[in-house]
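Trainee: Mind looking over this structure? Questions follow.
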Amino acid sequence: MSRRGFLGLAAGAGAAVTVGAAGWSHLAGASTGRILASRGLLPKPFGVPLPVPPVARPVRSERGADVYDVEQRESRIEILPGRKTTVWGYDGIFPGPTFDTRSGRRTVIQVHNNLTVPTVTHLHGGVTPPGSDGYPTDLLLPAGRCSPGQAHQAHNGMAASHGGRMAFGSRRYVYPLPQRAATLWYHDHRMDFSAPQVWRGLAGFFLIGDEEEDRLPLPGGNRDIPLMLCDRSFEEDGSFRYPTHSHDAFPDGVLGDVQLVNGAPWPVLEVSATRYRFRLLNASNARRYQLRLEAEEGKPGRFVQIGSDGGLLAAPKPHSTLDMAPGERFDVVVDFADHPVGSRITLRNTAGEGGMRNVMRFHVVRKEKDDSRIPARLSTSFEKLTPSSAMPVRVFDFRRTNAGDDDRQVWTINGQPFSTDAVLASPRLGSVERWRFSSDFHHPVHVHLAQFQVLARGGRPPAAGDAGWKDTVDVRPYEVVEVLARFAGYKGRYMLHCHNLEHEDMAMMANFQVI
Ligand code: C2O
Ligand code: CU
Ligand code: CU
């Protein structure tokens with residue numbers, strides 16, 4: 001082992017020994033990564049209204065399918081007041097348009113790449129056939145504007161990564177959606193470049209509805225709002241700042257110093273004194289959140305969780321704090337009737353530092369009639385998985401390795417950096433397996449295709465935020481997280497990986513093959 005590797009491990013181990021039981025929650029909430037400081041003045045918090053991304057309209061609805069066209073392109077938009085930022089956006093916006101879809105109804109998204117780089121689109125949380133799942137080497141090469149050099153580079157990349165399925169200009173992603181109502185998201189998944197390409201804007205919401213959810217008297221319409229949380233850094237002229245050599249300079253992950261919600265810095269939302277449903281998504285590259293609602297007057301705010309990554313919980317679950325790792329979603333209801341008209345409630349991130357302790361603010365501006373309710377029973381179809389000794393057990397250990405003489409860091413799963421050829425597990429279609437994730441570090445572990453339930457964390461019952469069906473779970477330092485995963489949907493090659501996007505780009509991915 002190299003000297004630097006040894007020191008790193010020793011420092012990590014020391015921290016674990018000294019924190020003790022009481023120190024865990026602090027350590028668990030802190031973000032893994034390093035701040036990349038913006039250049040120039042940062043905007044004042046709570047100065048801009050919260051934007052809500054537009055809902056995409058199908059170009060065609062056939063019997064049984066909705067077909068959408070979406071164009072990946074560069075555009076210049078105002079994120080920081082008075083300055084322009086060049087984003088790479090789905091339809092040129094950031095976040096991209098929200099897809100509003102139905103369980104079991106085929107959704108086809110025709111993605112047109114008018115950027116100058118290859119892309120891959122993945123529907124995170126989707127039960128998707130392998131050909132549309134956005135495997136990192138299934139590149140969509142740019143349409144017209146691709147220079148011969150870039151095409152050549154892409155071809156070489158393909159050769160080196162053992163032949164993904166390449167497309168030129170556009171690709172049809174087919175989503176049959178054989179799954180429950182849930183809050184999903186889509187984002188770039190290009191091999192080695194997901195982190196910089198998501199940072200530049202390639203991410204958006206994808207909502208699935210179903211009849212079970214329709215029957216519930218939850219807040220709806222303009223009181224059902226998706227909130228995409230992510231951090232970014234900016235150059236003086238307003239462009240996004242991202243390190244050129246993130247692999248060397250930011251191996252633990254890149255943290256921004258401007259908090260964005262739906263693409264706006266520290267925004268404000270005017271609300272009535274009623275219940276709102278917020279679909280929280282941590283779309284940050286590496287940042288973790290420990291969310292709290294702080295009220296200037298009235299009771300401290302609280303979240304009532306109604307759903308997780310994979311849709312409705314069986315019953316609502318109140319939280320005063322929500323821990324969110326990258327990739328995770330929490331569907332919550334907040335009741336602003338607990339606060340007098342005129343009050344300001346701030347959504348804080350107590351795991352953040354300095355200005356990053358603020359996320360956004362709610363301003364209660366009026367009273368309003370509220371017909372919504374949170375029923376005591378949310379989902380009657382929720383099936384709790386229980387372990388059995390017949391279930392295959394598989395272990396996935398997430399660790400840093402210093403590879404080669406140059407002491408370069410790679411992130412590995414079971415000691416292996418990602419290879420398109422290696423298959424670490426072959427679960428049977430329809431089966432449930434017991435998967436064990438371990439690490440000496442923080443890694444939000446995401447599994448494609450499968451939905452899982454957390455069985456144990458550190459040998460104890462799951463944490464408060466682990467409830468429900470999930471596709472992403474935070475593995476904290478020196479902790480083993482056990483999940484029961486169901487491999488329903490399709491046979492084929494899928495992957496699991498760390499959703500710290502810098503770790504993911506540094507090889508912390510692995511294949512499994514559903515047989
Ligand atoms: Cu959200 Cu494989 O990613
Ligand atoms: Cu995914
Ligand atoms: Cu990681």
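Trainee: Mind running the shape call on segment 353-422? Use the C-alpha gyration tensor, a ≥ b ≥ c as the square roots of the eigenvalues: rounded below 1.5 for a/c, prolate if a/b tops b/c, oblate otherwise. Let's see the in-between values first.
Mentor: Details: a/c = 4.64, a/b = 1.51, b/c = 3.07.
It is oblate, given that a/c is not under 1.5 and a/b is not larger than b/c.
Trainee: Rg(Cα) of segment 68-214 divided by 2.2 N^0.38 Å? Present the calculation step by step, with values, prior to reporting the outcome.
Mentor: Working: Rg = 15.7 Å, N = 147, 2.2 N^0.38 = 14.7 Å.
This ratio for segment 68-214 stands at 1.07.
Trainee: With a ≥ b ≥ c taken as the square roots of the eigenvalues of the C-alpha gyration tensor of segment 393-514, please select rounded if a/c is under 1.5 and otherwise prolate if a/b is larger than b/c or oblate if it is not?
Mentor: It is oblate, given that a/c is not under 1.5 and a/b is not larger than b/c.
Trainee: Using the count of nearby Cβ atoms within 10 Å as a rough guide to exposure, how do 509, 495, 391 rank from fewest to most? Could the numbers behind the result be given before it?
Mentor: Numbers: 509 26, 495 23, 391 16.
Fewest-to-most Cβ neighbours within 10 Å comes out as 391, 495, 509.
Trainee: Express as a percent, rounded to the nearest 5, the fraction of DSSP beta bridges in segment 223-366 (both residues included) that run antiparallel. Present the calculation step by step, with values, prior to reporting the outcome.
Mentor: Numbers: 37 of 48 bridges.
DSSP beta bridges in segment 223-366 are roughly 75 percent antiparallel.
Trainee: Between residue 102 and residue 314, with labels modelled 7 Å along Cα→Cβ, what's the label distance in nm to one decimal, could you check?
Mentor: Result for the modelled spin labels: 2.9 nm.
Trainee: Here's another thing I want to ask about it. Take residue 369, project a point 7 Å from its Cα along the Cβ direction, then tell me which residues of segment 240-283 have their backbone nitrogen under 18 Å from it.
Mentor: Flagged as within label range: 272-276.
Trainee: Post the alpha-carbon centroid distance, segment 39-70 to segment 482-505, in whole angstrom.
Mentor: For segment 39-70 versus segment 482-505, the Cα centre distance is 26 Å.
Trainee: Can you bin segment 258-312 into rounded, prolate or oblate? Criterion: square roots of the alpha carbon gyration tensor eigenvalues sorted a ≥ b ≥ c, rounded for a/c under 1.5, prolate for a/b above b/c, oblate for the rest.
Mentor: Numbers: a/c = 1.67, a/b = 1.19, b/c = 1.41.
Verdict is oblate for segment 258-312.
Trainee: Take the Cβ-Cβ distance between residue 294 and residue 192 as r, set R0 to 30 Å, and report the resulting FRET efficiency rounded to the nearest 0.05. Walk me through the intermediate numbers first.
Mentor: On the way: r = 40 Å, r/R0 = 1.33.
Plugging the Cβ-Cβ distance into 1/(1 + (r/R0)^6) gives 0.15.
Trainee: Mind listing the phi-derived Karplus ³J(HN,Hα) values for segment 217-229, rounded to whole Hz, using 6.51, -1.76 and 1.60 with θ = phi - 60°, and x for any glycine or proline?
Mentor: For segment 217-229, the Karplus-derived couplings read x, 6, x, x, x, 7, 10, 10, 10, x, 10, 8, 9 Hz, x marking Gly and Pro.
Trainee: Work out the FRET efficiency for residue 416 and residue 248 from their Cβ-Cβ distance, taking R0 = 25 Å, and round it to the nearest 0.05. Walk me through the numbers before you get to the answer.
Mentor: Numbers: r = 21 Å, r/R0 = 0.85.
The value I calculate is 0.75.
Trainee: For the pair residue 86 and residue 377, how long in nm is the line joining their label points, each one 7 Å along Cα→Cβ?
Mentor: Here the answer is 5.7 nm between the modelled labels.
Trainee: What does the net charge come to around residue 515 if you take all other residues with beta carbon closer than 13 Å to its beta carbon, with K and R at +1 and D and E at -1?
Mentor: Details: positive: 428, 491, 493; negative: 433.
Here the charged neighbours net out to +2.
Trainee: Another question, then. May I ask you to derive the relative contact order of segment 68-214, considering only C-alpha pairs under 8 Å and at least 6 residues apart, and to give it as an integer percent?
Mentor: On the way: 345 pairs, mean separation 47.1, N = 147.
Worked out over segment 68-214, it gives 32 percent.
Trainee: log10 I(q)/I(0), Debye, Cα-only segment 343-385, no solvent, q = 0.22, 0.25, 0.34 Å⁻¹?
Mentor: Each listed q corresponds, in turn, to -0.80, -0.86, -1.14.
Trainee: Given labels modelled 7 Å from the Cα in the Cβ direction, how far is it in nm from residue 391 to residue 235?
Mentor: Each label point lies 7 Å from its Cα, and together they span 5.0 nm.
Trainee: A follow-up question, please. Can you list the equivalent-ellipsoid semi-axes of the chain, largest first and in whole Å, using the square root of 5 times each Cα gyration tensor eigenvalue? If you can, show how the numbers build up before the last one.
Mentor: Values: eigenvalues 194, 146, 137 Å².
Each semi-axis is the square root of five times an eigenvalue, giving 31, 27, 26 Å.
Trainee: If each residue's Cβ is checked for other Cβ atoms within 10 Å, how do 317, 84, 384 rank with the fewest at the top? Each step should come with its number before you reach the end.
Mentor: Values: 317 19, 84 14, 384 8.
The order, fewest Cβ neighbours first, is 384, 84, 317.
Trainee: Now, a different point. Net charge near residue 242, counting Lys/Arg +1 and Asp/Glu -1 over other residues with Cβ under 9 Å of its Cβ?
Mentor: Details: positive: 200, 232, 241; negative: none.
That works out to +3.
Trainee: Let me ask something else. Which value, to two decimals, describes the C-alpha radius of gyration of segment 223-366 once divided by 2.2 N^0.38 Å? Before the final figure, lay out the partial values.
Mentor: On the way: Rg = 15.9 Å, N = 144, 2.2 N^0.38 = 14.5 Å.
Compactness ratio reported: 1.10.
Trainee: What is the fewest-to-most order of 448, 319, 443, 497 by other Cβ atoms lying within 10 Å of their Cβ?
Mentor: Values: 448 25, 319 18, 443 31, 497 28.
Least crowded to most crowded, the residues run 319, 448, 497, 443.
No value in this document is a laboratory result; all are computed from the given coordinates. Here the structure is a predicted model, which means the values were calculated and not measured. Neighbour counts run over all protein chains shown; Cβ positions are idealised from the backbone, glycine included.
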